[in-house]
Amino acid sequence: MIEFIAQNMAPIMFASLIIFLLIGYPVAFSLAANGLLFFFIGVLVSPYSGGSINLAWPLLHALPDNFYGTRVMSNDTLLAIPFFTFMGIVLERSGMAEDLLDTIGQLFGPIRGGLAYAVIFVGALLAATTGVVAASVIAMGLISLPIMLRYGYDRRVASGVIAASGTLAQIIPPSLVLIVLADQLGRSVGDMYAGALIPGIVLTGIYMLYILIISIVRPNSMPALPLEARTLGRGVLSLIVALLVTGAISYGAYRYLAPTQGDNADILGFAVGVIVIYVAAIVDQRLRINMMSKLAQQVVIVLIPPLALIFLVLGTIFLGIATPTEGGAMGSVGALIMAAAKGRLSLDVVKQALASTTRLSSFVLFILIGARVFSLTFYGVNGHIWVEHLLISLPGGETGFLIGVNILVFVLAFFLDFFELAFIIVPLLAPAADKLGIDLIWFGVLLGVNMQTSFMHPPFGFALFYLRSVAARVPYLDRITGKQIAPVSTGQIYWGAVPFVCIQVIMIGLTIAFPQMVMRYKGAAVEPSTIDLKLPDMPSLSPLGTPPTNNGAAPANGDAPAAPGTPDLSQPPSFGEAPAKPAAPAPDLSQPPKFN
């Protein structure tokens, strides 16, 4: 029995961890306690393991190095987590989400499902600025859900749209989970952001396609915004003209900057166009010139600041100007400036943001410390080799591995959140993926899309909990229409999330089928056969301080003697004759050696 336990310590240890988690113990303490318990057991039974357990008491001395080394306390990459968390919470308190939802809702209001489109669009914008799921879901649940219910939206559709669009912060940079995945996979956060950008945009488009289909199949489930609710009036044509002018200015700036800025000219040209139209909209509104419609003015003025913040964070990272940690720091400063510009920055807001940031950062740090304790023992019992052999031996090679891993992560996402999955599961999967030749950035983005479902899984999805906390539980009287509005039940929230979970599963398949969506982070491939190396013509060598012989031209006859003073490069250099040394007398080997 002892031999069986000793030789199967890795699977027993992993199964015990799952049991601890299912019982309900905190993840950080489950990891650390499980690691220490099995370290003690492993040291006792190691003589019976046949060499498969490499644990000894002195190995515990490695724990301080693990805690204070580059993986935890000295890890610069993890500094981005508190920066982006602080930025997201300040932006949520600044009222940016409220302004965006009101303006974009009126822009899409005249069409069926307009409010749903607005929620998805704003969810993508908040994801690209905050990177925090809780802030996005709570903000949109408080602001948009009452409006959608007021104008007759189906409760399941409204709940599903809000929860799903909030989880876009999971995959669209600057996502917190992408930072953690990059750290656990040993890859650049900037590459992870670049790889996740297109899948995030595609997923947003699929959400909108689903709303389009539902608005056609069930038009009464999402009616258009009534005329009296469109306080900004009409003016879409004016907005289109403003966008065309912005495009023209951007193109002109690009052509002007291209000779000096190279590959960065397109981004800088776009920035010039956006700044010009933003200044024009503010001047038009303040001076009441009425060059733009009221709707166009509001859309430009409300939309440009978050876009500028996105450029400040992601643009500087993609241009190579700043690291993700530095980008997060700049984003935090930008969020404070935006909140101050709206008159909503106060000491209470900063205190709340700092408190929430400290809680989340401590949560991540404790899980990471527990994971280091667990991994010390798990690697000591060769658990990584057991997992690697188990995954590589799956039928179907690389495809079978990807399908099996995604099913495993999808099932575990019912019980674990994305931080727990990233710290527990990813370090076990990465070596096997690397051994199969899978690009780890692509693998990380694929896992990120899959882990996004952890927020949407009924009944344990955190996004569903966030929405449940702000959705009405009892009937209430609408302050605008004066009508009584029925509450939103928990079952309606769960059923509304199911179609979006299916969409996320489809997105996992698309990411596997079209890896170039992610692999574009490497840039265009270079064909070796097209590389042409040309060396400049070199004159023939001559002694130092003298001009080249015959102007560097080769002799007319290949057998012609070299010009006087020209060294013969076919022979090794000669440095003159060394003075002869007198020959040493031969030793007399018939006598013993003398040392005096």
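The values are calculated or read from the model by the stated rules, or taken from the named source; none is laboratory data. In this text, all values refer to a predicted model and were calculated from it rather than measured experimentally. Because the Cβ atoms are built from the backbone with ideal geometry, glycine has one as well, and the counts that use them run over all protein chains shown. Ligands, DNA and RNA are stripped out before the accessible areas are found, and what is left, the full protein with its side chains, is counted by its heavy atoms. Shrake-Rupley method; radii C 1.70, N 1.55, O 1.52, S 1.80 Å.
Scanning the stretch 263-272 for residues that are out of contact with any Ser or Thr (no Cβ under 9 Å at 6 or more places or on another chain) and open to solvent by 40 Å² or more (accessible area, probe 1.4 Å) yields a total of 4. Screening residue 368 on (1) in a helix (DSSP H, G or I); (2) modelled with pLDDT under 85; (3) open to solvent by 10 Å² or more (accessible area, probe 1.4 Å) shows it passes everything except condition (3).
Just one of the listed residues (225, 145, 239, 149) is part of a loop (DSSP other than H, G, I, E, B), touching a residue at least 12 places away in the same chain (Cβ under 8 Å) and farther than 30 Å from residue 522 by Cβ, and it is 225. When 242, 169 are checked against the criterion of being open to solvent by less than 20 Å² (accessible area, probe 1.4 Å), of a type in the set (A, V, I, L, M, F, W, C) and out of contact with any Leu (no Cβ under 9 Å at 6 or more places or on another chain), 242 stands alone in meeting it.
So for the stretch 50-62 (the condition being open to solvent by less than 20 Å² (accessible area, probe 1.4 Å) and assigned to a helix (DSSP H, G or I)), does at least one residue qualify? Within the stretch 50-62 (the criterion being open to solvent by less than 20 Å² (accessible area, probe 1.4 Å) and assigned to a helix (DSSP H, G or I)), the answer is no, since none of the residues qualifies. Check the stretch 103-126 and report whether any residue there is part of a helix (DSSP H, G or I), closer than 25 Å to residue 309 by Cβ, of a type in the set (A, V, I, L, M) and over 29 Å from the mean Cα position of the chain (by Cα). Yes, the stretch 103-126 has at least one match. Comparison of 191, 154 shows that the only residue that is under 30 Å from residue 426 (Cβ atoms), among the acidic types (Asp, Glu) and surrounded by fewer than 24 Cβ atoms within 10 Å (Cβ to Cβ) is 191. Residue selection: residue 438 fails the criterion of being without any contact (Cβ under 8 Å) to a residue 40 or more places away in the chain and either closer than 22 Å to residue 133 by Cβ or of a type in the set (Val, Ile, Thr) (or both). Based on this model, can you work out whether residue 472 counts as touching a Ser or Thr at 6+ places or on another chain (Cβ under 7 Å), of a type outside the set (Lys, Arg) and within 17 Å of residue 162 (Cβ to Cβ)? Against the criterion (touching a Ser or Thr at 6+ places or on another chain (Cβ under 7 Å), of a type outside the set (Lys, Arg) and within 17 Å of residue 162 (Cβ to Cβ)), residue 472 does not qualify. On the basis of being more than 30 Å from residue 187 (Cβ to Cβ), open to solvent by 20 Å² or more (accessible area, probe 1.4 Å) and of a type in the set (Val, Ile, Thr), does residue 260 make the cut? Yes: the conditions hold for residue 260.
Does residue 36 satisfy the criteria of being surrounded by 15 or more Cβ atoms within 10 Å (Cβ to Cβ) and at pLDDT below 85? Judged against the criteria, residue 36 is not a match. Taking the stretch 413-428 as the range and being touching a residue at least 40 places away in the same chain (Cβ under 8 Å) and assigned to a helix (DSSP H, G or I) as the test, the residues that pass are 418, 419, 420, 422, 423, 424, 426, 427, 428.
Each residue in the stretch 392-407 was checked for being open to solvent by 10 Å² or more (accessible area, probe 1.4 Å), over 21 Å from residue 180 (Cβ atoms) and assigned to a helix (DSSP H, G or I), and 8 pass.
The number of residues in the stretch 198-223 being out of contact with any helix residue (DSSP H, G or I) (no Cβ under 6 Å at 6 or more places or on another chain), surrounded by fewer than 21 Cβ atoms within 10 Å (Cβ to Cβ) and under 23 Å from residue 132 (Cα atoms) comes to 3. Residue 410 falls short on exactly one of the conditions (1) surrounded by fewer than 15 Cβ atoms within 10 Å (Cβ to Cβ); (2) closer than 19 Å to residue 499 by Cβ, and that condition is (1). Which of the following residues is under 23 Å from the mean Cα position of the chain (by Cα), surrounded by fewer than 21 Cβ atoms within 10 Å (Cβ to Cβ) and not aliphatic (A, V, I, L, M): 344, 359? One residue alone meets the criteria, 359.
From the list 161, 132, 177, the one residue that fits, being open to solvent by less than 10 Å² (accessible area, probe 1.4 Å), over 22 Å from residue 230 (Cα atoms) and β-branched (Val, Ile, Thr), is 177. Is the stretch 72-89 home to any residue that is in contact (Cβ under 8 Å) with a residue 40 or more places away in the chain, open to solvent by less than 30 Å² (accessible area, probe 1.4 Å) and under 30 Å from residue 231 (Cβ atoms)? Yes, the conditions are met somewhere in the stretch 72-89. When restricted to residues that are hydrophobic (A, V, I, L, M, F, W, C), farther than 13 Å from residue 82 by Cβ and in contact (Cβ under 8 Å) with a residue 12 or more places away in the chain, the stretch 342-370 contains 7.
For the stretch 173-208, filtering for residues that are hydrophobic (A, V, I, L, M, F, W, C) and closer than 17 Å to residue 77 by Cα leaves 11.
Here's the yes/no breakdown for (1) open to solvent by less than 30 Å² (accessible area, probe 1.4 Å); (2) over 22 Å from residue 87 (Cα atoms):
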| position | (1), (2) |
| --- | --- |
| 289 | no, yes |
| 297 | yes, yes |
| 308 | no, no |
| 311 | no, no |
| 317 | yes, no |
| 326 | no, no |
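Of all the numbered requirements in (1) farther than 14 Å from residue 145 by Cα; (2) surrounded by fewer than 24 Cβ atoms within 10 Å (Cβ to Cβ), residue 472 misses one, and that requirement is (1).
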